[in-house]
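The values are calculated or read from the model by the stated rules, or taken from the named source; none is laboratory data. As the structure is a prediction and not an experimental result, all values here were calculated from the model. So basically every Cβ, Gly included, is an ideal-geometry build from the backbone, and we count neighbours across all protein chains shown. For accessibility, only protein heavy atoms count, side chains too; no ligands or nucleic acids. Shrake-Rupley method; radii C 1.70, N 1.55, O 1.52, S 1.80 Å.
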Amino acid sequence: MRIPTAAGLWLALATTAVPALAQTALHQYADADLALGEKLIRDHQCSACHAKKVGGDGSAIYRPAGRINTPGALRGMVDYCSTELNLGLFPEEVTSVAAVLQRDHYRFPAQGAAPR
């Protein structure tokens, strides 16, 4: 039985960690301002509206049976909410809100990354 050296162990860990990193790479919305997205979600009380619609803390709204399954569909849904609730969000604000939801709830993989 061969006992691995520290260098061999390090090399083995390093080469197995690379695929894991690729799997965790997330889709990023270009030019999204995450701080702005967080502020808009707070200011417009999105969580309270979601809780009214689906109950509980409202987080169940984020995974409706495959309805929102791409970054584009997510951004479109944020735009739909803005229109329906007459929030008047600008396109860059819609993108910022979608980016926060992507980061916190959806976690769509980056294009070309292996799905988790």
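Remarks
- The selection criterion, being touching a strand residue (DSSP E or B) at 6+ places or on another chain (Cβ under 8 Å) and open to solvent by 20 Å² or more (accessible area, probe 1.4 Å), does not hold for residue 75.
- In the stretch 68-105, the residues that are of a type in the set (S, T, N, Q), farther than 18 Å from residue 34 by Cβ and assigned to a helix (DSSP H, G or I): 83
- Residues of the stretch 43-79 classified as modelled with pLDDT of 95 or more and hydroxyl-bearing (Ser, Thr, Tyr), total: 0
- Filtered residues of the stretch 63-80 (kept if closer than 17 Å to residue 40 by Cα and under 17 Å from the mean Cα position of the chain (by Cα)): 74, 75, 76, 77, 78, 79
- Which numbered condition residue 43 fails, given (1) over 15 Å from residue 89 (Cα atoms); (2) exposed (fewer than 15 other Cβ atoms within 10 Å of the Cβ): (1)
- Among residues of the stretch 87-109 that are within 10 Å of residue 75 (Cα to Cα), those with a beta-carbon under 8 Å from a residue that is surrounded by 14 or more Cβ atoms within 10 Å (Cβ to Cβ) and among the hydroxyl-bearing types (Ser, Thr, Tyr) at least six positions away or on a different chain give the pairs 94/82; 95/29; 96/29; 98/29; 99/29; 101/62; 102/29.
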